[in-house]
Structures are given as structure tokens and as C-alpha cells.
Amino acid sequence: MAEIGEKTASAYLSIHLVPCDAKSECPFYKLEKAEEDQCVAVCTVTDRVLTRSSARKCLTLWRECPFYKLGVESSSS
């Protein structure tokens, strides 16, 4: 098993595990390794682990995400 990230340790893996290739173009989305071929997705704006369904939305709908917009606004300040 690879190094476990800080957020991964607090995840409830049965609802948070996503494939490690579930990459989003959102700059506030990151993956942390949880198991050999599974990861958890983290929103860095909210500083929370995303459920599998929320992570799927980050893959396709991230430009409309209110947290993305909030992150962009706070980054430009």
C-alpha cells in the first residue's frame, strides 16, 4: 500500500473510494492513494473528502461548481 494522505485516514472508504484514474481538470481537486488501485478525492476549497458521486461530478461539472467559483475568487484576492 502506498503512503496514506491525511484526509484518506479519516475517509469512510465504502462511500469515498474512487479509481485512481478519476482525474478532474478542477484545480481544487486532488486524489490521495487509499488502496493499491483506489484513491479518495479531496476538495481543497472545502478541505473535505468527496463521496464517489460528488467526485464524479467533479470530473464533468467542475466549471459550474460553487466551490470552484469560490476557490477562484479567493485565489485572485
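The values are calculated or read from the model by the stated rules, or taken from the named source; none is laboratory data. All of these numbers come straight from a predicted model, not from anything done at the bench. FYI the Cβ positions are ideal-geometry reconstructions off the backbone, even for glycines, and counts take in every protein chain you see. Accessible surface areas use protein heavy atoms only, side chains included; no ligands, DNA or RNA. Shrake-Rupley method; radii C 1.70, N 1.55, O 1.52, S 1.80 Å.
A few notes on this one:
- So LYS33, is it free of Cβ contacts under 8 Å to residues at least 12 places away in the same chain, surrounded by 13 or more Cβ atoms within 10 Å (Cβ to Cβ) and more than 9 Å from the chain's Cα centre (by Cα): no
- Within the range 51-60, if we keep just the residues that are in contact with a helix residue (DSSP H, G or I) (Cβ under 9 Å, 6 or more places away or on another chain) and among the hydrophobic types (A, V, I, L, M, F, W, C), the residue that is farthest from LEU17 (Cα to Cα) turns out to be CYS58.
- Every residue from the range 36-77 that is surrounded by 16 or more Cβ atoms within 10 Å (Cβ to Cβ) and more than 19 Å from LEU13 (Cβ to Cβ): VAL45, TRP62, CYS65, PHE67, TYR68, GLY71
- Pairing residues of the range 52-66 that are aliphatic (A, V, I, L, M) with residues that are open to solvent by 100 Å² or more (accessible area, probe 1.4 Å), at Cβ distances under 9 Å and at least 6 apart in sequence or on separate chains, gives LEU59/LYS23; LEU59/GLU25.
- For the range 6-21, residues that are surrounded by fewer than 17 Cβ atoms within 10 Å (Cβ to Cβ) and modelled with pLDDT of 90 or more total 3.
- Test: residue in the range 27-40 that is under 23 Å from SER74 (Cα atoms) and assigned to a loop (DSSP other than H, G, I, E, B): yes
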